[in-house]
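A short worksheet on the structure shown next.
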Amino acid sequence: LIRVTDTSAAQARKGKDIQGIPWERLNITREGYRRTRLEQYRNYENVPASGDVMEK
């Protein structure tokens with residue numbers, strides 16, 4: 001069992017992940033994950049009038 005503690009601003013400035021992700025134990029670096037996410041992420045937009053009631 002791992003106890004997660006809050007991250008201070010000083011710790012974040014020194015590189016500690018604010019979400020508590022243990023990057024040193026993963027098979028990908030924080031920078032590598034961010035680069036992959038930015039390359040693959042698709043920003044979906046709402047469909048116009050999708051909230052309107054449709055007639056059957």
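Read-outs throughout are calculated quantities, based only on the coordinates presented, and are distinct from any laboratory measurement. A quick note: this is a predicted structure, and the numbers were derived from the prediction, not measured. A quick note on method: Cβ atoms are made from the backbone with ideal geometry, for glycine too, and the neighbour counts reach across all protein chains shown.
Figures for the structure shown
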quantity: Size of electric dipole in the chain: Cβ of Lys, Arg +1 and of Asp, Glu -1, about Cα centre, debye, nearest 20; calculated: 420 debye
quantity: Identified option (computed log10 I(q)/I(0) by the Debye sum over Cα atoms at q = 0.12 Å⁻¹; candidates [x] -0.37; [y] -0.54; [z] -0.29); calculated: [y]
quantity: Dipole of the chain, positive end: most advanced residue of Thr7, Leu38, Pro48 [Cβ charges, Cα centre]; calculated: Thr7
quantity: Full-stretch length increase - Asn46, Thr7 - with 0.36 nm per residue and alpha-carbon distance subtracted; calculated: 10.6 nm
quantity: Within-14-Å neighbourhood charge of Ala9 [Cβ basis; K, R +1; D, E -1]; calculated: +1
